[in-house]
Each structure stands twice: as structure tokens, then as C-alpha cells.
């Protein structure tokens, strides 16, 4: 039995402290076990904290409950990670109100190089599946993970599309790991365990009460480099997640929609108030995040033909030579080198592309075929 974990679970159950206060106290004493030992072995314990905190820390700790939680974890193959542990989500650890402890079922590799949360309303439009498919396909080349809240609607679609593209995905729960809510996502939750998993700060027996969902959303926002709001009304859990992410100084993206569509009102409000950038497509998202664009493997439609090349004009040949020597290259860089008029340059470039001499990759970059 891990004493470090038992004391951490017990410390997380002590009433009278919020998450920010727990984090502050733990950062000072380095571990829950150190806190517990100080209350037992020092004549004047907690001399460095104020009287209110001292009274709370001197209470009897619920060690029996912590041991029962540990036994449940062992039986159901649940892992726990405590704040400041090496495997605790590093992005979340930076948040002022990060949970003291997280219970995880599934994989623990959520410290991926890149992490994105995708959230939205339960009552969504028909375009959502196509949009989320485009997002996940556009991110699949990265060492990335997808976070969402396991809710019906957009959350569930995000988890499903991530799995379809072999992206690890974690669902953050507003209850303990002895149940799955909503029940319709039980099969989805089981499938996610093989490449991702389930995360919660709540112990077994915790009922998913309304106030727990906003608390859940801070984990969704805090574990990610960026949050994408697909559709949302002005009020709702997705908007809470967006504001939390913005407050954590993470980038927020929102899909614009029809101005009279209630499911787009929240996204439009975020963009209007500069709480979110507009999500245009995955290439724009990757460029904004300064993440790598996918490497395209174009199908060569026809081999290079020396005779055809000889029939090209000098200006066209000059463009082709630069692309062959310097590609992938942006057309602005080619035009700058040759100092051609924009209209003339565009005509030559289009002719080369139509005759399969060149290929345009993501990011408007050209290569030689």
C-alpha cells in the first residue's frame, strides 16, 4: 500500500480547503505525508500557516476512507496521480486551482507534446460530425491527445473521431469511476481505455450533481494547450470551459456560424469579445498554434517529361527551377525573387500546376513533382 497515495487521498478529503489553498499548502510542505507527520510529531505544528488553516490541518484525517478508496482502486485497476507527481498532467499543474489528486482508468500518457480540448453543445447541428472529423484528421499527424467531457453530443463525437484517427483521447468525468454518466457512453468509455481513458478528481460513490460539471470543465481546459468550441449557446458548459481556458492563458478557438442560430451565439460572442479566435480550418489552427503542418505525399500524375519542359517559356522555367531547388516554398517567396507582375506570375504558376509539374501542399507551399 502506498503511504504517499493514502495520505494524498486523505488530504484531498479534508473539508474547509479549496483547491487553490490545497495546492499552496502542498507546495510548501512538499507532500501530504509531511503535513500529516508535522501534526503528529511537532510540539507546535504548522507555525508557518494562519490559525484558520492550522485548525483544519489539525483535524482528524479520514485515513480509513482513503484506505477504502485505495482498495477500490486496486480492485478496478485505477491509477491515481497527485499534484507535483512526475506523471500528473503538467499543463493542469500550472493552473492555480488544479485538483490535488486525479483518478485515472486507462492510459497515463496525457503529457503529450500537444493537447487539444474539443467541446460543444449536446443539441448540435448536422454539420458538427463533418467539422470534428476535419479537425481530428488535420491533427492526426501530431503527437497529440484530445480531451473532452464525455457528454452527449459534441463531446462524444470528439472522442469517437479521435479514436477513428488513432489519437489518444481522455474523457473527464464529473463523478467517480464506479459509474459512467451518461449511460449511453458506456461502450464509448470502454473503447477509450485502449488509447486514452477516463479522468476524474472525484472518489467512488460521487453522484454527478450539477455543481460538479463546471469543476470538471476546469480540468478539460487546464489539460490542453488550446480549446476548440464547435457549437454553443451563450450559456452552457462549453462557454464555462472557454472562459476557464482563456483565464488560464490558453488559446481558445470558436467556429463561427449563422448569426441567428442559437447554437452559434456563444461562439460568435467569444469571437466578438476577443475571448476566442475564429476557427477556420485545421491548417489555420496549426499555423496559429505554430505546430507542424502535415507532410503531404502527392500522387505523381505524370513523370517529368523533358520534351514538355523544353516547351515552357523562360519565366515559367524560372518558376519551376526555384520550386525544384527551394521547395516546399510559398508563392510570395518565388514572386519576390523573380519580380514578376502578380497577374503574370499567377498565370505561370497555374499552368505549371494544371500540367502536373508542381503540387500545392498544406499551407500554400509548392513542391516539384
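Let me check I have the definition right: for the stretch 124-172, take the eigenvalues of the Cα gyration tensor, multiply each by 5, take square roots. What are those semi-axes in whole Å, largest first?
Numbers: eigenvalues 55, 37, 8 Å².
Square roots of five times the eigenvalues give 17, 14, 6 Å.
At what distance in angstrom do the alpha carbon centres of the stretch 232-264 and the stretch 80-123 lie from each other?
Using only Cα atoms to place each centre, the spacing works out to 21 Å.
Rounded to the nearest 500, what is the chain's calculated 222 nm mean residue ellipticity when only DSSP H runs of at least 4 contribute -39500 (n - 2.57) each, over all residues? Show your work: numbers first, answer last.
Values: 17 runs with 166 residues, N = 369.
That comes out to -13000 deg cm²/dmol.
I want to verify the translational diffusion coefficient of the stretch 56-115 in µm²/s; compute it with Stokes-Einstein, Rh as the Kirkwood radius over Cα pairs, at 20 °C and 1.002 mPa s. Mind showing how you got there, number by number?
Working: Rh = 13.3 Å.
Reported coefficient: 161 µm²/s.
Provide the packing ranking of 195-206, 109-120, 128-139, 76-87, i.e. peptides ordered by the mean count of other C-beta atoms within 10 Å per residue, highest first. Before the final figure, lay out the partial values.
On the way: 195-206: 20.4, 109-120: 22.8, 128-139: 18.8, 76-87: 15.9.
Descending packing order for the listed peptides: 109-120, 195-206, 128-139, 76-87.
Assuming 0.36 nm per residue, please report the length gained on full extension of the stretch residue 274 to residue 288 beyond their Cα-Cα distance. Write out the running numbers ahead of the final one.
Values: separation 14, 0.36 × 14 = 5.04 nm, distance 1.50 nm.
Net length gain for the segment: 3.5 nm.
Using only Cα atoms, what is the ratio of the radius of gyration of the chain to 2.2 N^0.38 Å?
Working: Rg = 26.3 Å, N = 369, 2.2 N^0.38 = 20.8 Å.
For the chain, the normalised Cα radius of gyration comes out at 1.27.
Subtracting the Cα-Cα distance from 0.36 nm times the residue separation, let me have the gained length for residue 52 to residue 37 in nm, one decimal. Kindly include the intermediate steps, with their values, before the conclusion.
On the way: separation 15, 0.36 × 15 = 5.40 nm, distance 1.89 nm.
Gain on stretching residue 52 to residue 37: 3.5 nm.
Quick one: grab the alpha carbon gyration tensor of the stretch 3-101, order the square roots of its eigenvalues as a ≥ b ≥ c, and give me rounded if a/c is under 1.5, else prolate or oblate depending on whether a/b is larger than b/c.
Working: a/c = 2.02, a/b = 1.28, b/c = 1.58.
Oblate.
Taking the stretch 86-152, how much of its Cα-Cα pair set, in percent, is spaced more than 17 angstrom apart? Write out the running numbers ahead of the final one.
Working: 1209 of 2211 pairs.
Percentage above 17 Å: 55.
When the expected Rg is taken as 2.2 N^0.38 Å, what fraction or multiple of it is the alpha-carbon Rg of the stretch 70-182?
1.13
Relative to the longest principal axis of the C-alpha atoms of the chain, give the angle of the C-alpha long axis of helix 314-326, reported between 0 and 90° and rounded to the nearest 10°.
30 degrees
If I stretch the segment between residue 24 and residue 94 completely, what's the gain in nm (0.36 nm per residue apart, minus their alpha carbon distance), one decimal? List each step's numbers first, then the result.
Working: separation 70, 0.36 × 70 = 25.20 nm, distance 1.21 nm.
Value of the extension gain: 24.0 nm.
Only residues of the stretch 146-163 count here: report those whose backbone N is under 16 Å from the spot 7 Å along Cα→Cβ of residue 179, or say none.
151-152, by backbone N distance to the label point.
Pairing the Cα long axis of helix 19-29 with the longest principal axis of the chain, what angle in degrees results, from 0 to 90 and rounded to the nearest 10?
80 degrees
Coordinate-derived values only; no laboratory data. Remember, predicted model here, so these are calculated numbers, not experimental data. Using ideal geometry, Cβ is built from the backbone for each residue, glycine included, and neighbour counts are taken over all protein chains shown.
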